[in-house]
Amino acid sequence: MRNIQEIELNKRVQVKYQKYIKKFSEGFSIPEQKFIHHSVFGILSSKSCILRRMSQGLKERISLKKTSKRLSYHLPKEDLGSQLSDRVLRFQAGRVDKETIIIGDPGDIVKKYARKMEGLSSVRDGSTGVSGTGYNVLDVIAVQEGLDGALKIKPMVSDLYSSAMDEESFKTRFFDRVNDLQIYSNNKGIYTLDRGYDDKKVIAYLHHHNACFIIRSQGVRDLYYKGKRMSFSDVAKQVKVSYEYDGGGKRLLAGAVKVCIPVDPHPRKKHPTLVPVTLIVARYKGRKKLGGFFSLFCSFPHTDMLEEALIGKALRCYRIRWKIEEVYRHIKVDFKWESMRLMKYQSLKTLNALFLAALVFLYDLESMKLSFAQTYTALMLESKNKLKYLSKFIYYRISKVISYCFQFMKIYRKILYKNPQSLQLQLELT
């Protein structure tokens, strides 16, 4: 039996959810608003992206078959998912500041046994490194550091992509989202990307748009150092790793030099177009031996920093890049993200946009984690005194709490009238 504290907290969550869903569904038709509301509610309640389980999470009195059919009616609409994703991006980008770390990473939905799903294409499974069939996903999150030192994660983009169905390339999709982000955020944030984005076009695009960026280098391209073209390994040898930093429990030795990257498509151009960046070379320092080297390209335009501070900032931001991998693990384990199964490609894209909207609400509840811990201690903490756990990746626990809370909520409650004289269930004006 629930106590008063649980009931009051449930009311706060319900009010927050109603305000949130109203903000993102305004402007759609009334049936579409109802569809968005019910779909997001079903995802959070059932912790699943499978349509049948979402329908079960709604707890409607009609048959499960009819509920599933009603939800599936709006999924094939072409503009619904894209409009919803754009609203989510506009809302999240408005909360970005100059120190926000924007992390982009290509994800994957592997459908190992699927044969008839529309748009199946070859993808690389990031978990195993083996190629298979499925869909690529462009994911972008923003990470901000809270006053308590905890990292607040804000999902921003989740675009399903199929090379068999979409005309534009995956890289073009990335450029489009970066352009939207810069417009909506007034060009704020630090783009932090893994070595897969060590590409001439990506570097040239970010530099041309005056974006702050940190990209891990693959260590294979030629660079210009002091006006002379040199191989990457020769330039790296010029870097003196004389600064020491905290690397998340380990020590890091690092150094930096100013270099230029040729970004022209033709490598033998006499007068190449050069992009100035800072090359950072670092390695872990163990008690007995040193670790291997890794390198970063970074650029902070219109920012004056000493070399030591610049290196420290770049290393700290890149270490936080791992948070997007934790988000992947969360949604694949907790919500069975890869279990989405719909025959039509457009329906999958719309369902993925709805899932993004659900994640935005869920991750935004990080501000209520202390209230959740006080009321639902068994779901949030290992024991009452271990509040330090709240500063870690707490979203697994929050998703459990929200799923539990939604079990006691009803989307709407109908009042049935047998005849005009039955007024006991309504107010009577006299």
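Observations, loosely collected:
- Considering the stretch 65-80, the residues that are of a type in the set (A, V, I, L, M, F, W, C) and not in a loop (DSSP other than H, G, I, E, B) include one that is nearest to GLU26 (Cα to Cα), namely LEU80.
- Note on the stretch 84-113: residues that are of a type in the set (Val, Ile, Thr) and either under 19 Å from PHE24 (Cβ atoms) or surrounded by fewer than 16 Cβ atoms within 10 Å (Cβ to Cβ) (or both) total 2.
- Cβ separations smaller than 6 Å between residues 6+ apart or across chains give the following pairs from the stretch 318-345 residues that are assigned to a loop (DSSP other than H, G, I, E, B) to residues that are basic (Lys, Arg): PHE335/LYS47.
- Screening GLY81 on (1) loosely packed, with under 15 Cβ neighbours inside 10 Å; (2) in contact (Cβ under 8 Å) with a residue 60 or more places away in the chain shows it passes everything except condition (1).
- Taking the stretch 164-201 as the range and being small (Gly, Ala, Ser) and crowded, with 17+ Cβ neighbours inside 10 Å as the test, the residues that pass are SER185, GLY189.
- Residues located in the stretch 117-167, provided they are under 21 Å from TYR184 (Cα atoms) and of a type in the set (Lys, Arg): LYS152, LYS154
- The residues of the stretch 126-163 that are among the small types (Gly, Ala, Ser) and surrounded by 13 or more Cβ atoms within 10 Å (Cβ to Cβ), listed by number, are GLY126, GLY132, GLY134, ALA142, ALA150, SER158, SER162, SER163.
- Condition met for ARG90 (in contact (Cβ under 8 Å) with a residue 12 or more places away in the chain, out of contact with any helix residue (DSSP H, G or I) (no Cβ under 8 Å at 6 or more places or on another chain) and closer than 20 Å to LEU362 by Cα): no
- Strands (runs of 3 or more DSSP E) fully within the stretch 215-256 counting 2 or more residues that are touching a strand residue (DSSP E or B) at 6+ places or on another chain (Cβ under 7 Å) and within 28 Å of LYS323 (Cβ to Cβ): 243-246
- Qualifying residues in the stretch 340-373 (those that are closer than 23 Å to CYS405 by Cβ and among the hydroxyl-bearing types (Ser, Thr, Tyr)) - the one nearest to the chain's Cα centre (by Cα): TYR363
- Extreme residue, farthest from ALA373 (Cα to Cα), among residues of the stretch 1-20 that are of a type in the set (Val, Ile, Thr) and free of Cβ contacts under 8 Å to residues at least 60 places away in the same chain: VAL15
- Scanning the stretch 38-64 for residues that are small (Gly, Ala, Ser) and not in a loop (DSSP other than H, G, I, E, B) yields SER39, GLY42, SER45, SER46, SER55, GLY57.
- If you go through the stretch 14-34 and keep only what is under 24 Å from ASP334 (Cα atoms) and either outside any helix (DSSP H, G or I) or touching a Ser or Thr at 6+ places or on another chain (Cβ under 9 Å) (or both), you end up with nothing.
Every read-out reported here was derived from the displayed coordinates using simple, explicitly stated rules and does not represent laboratory data. For clarity, every value in this text was computed on a predicted model and none was experimentally measured. Cβ sites come from the backbone with ideal geometry, for glycine too, and all protein chains shown count toward neighbours.
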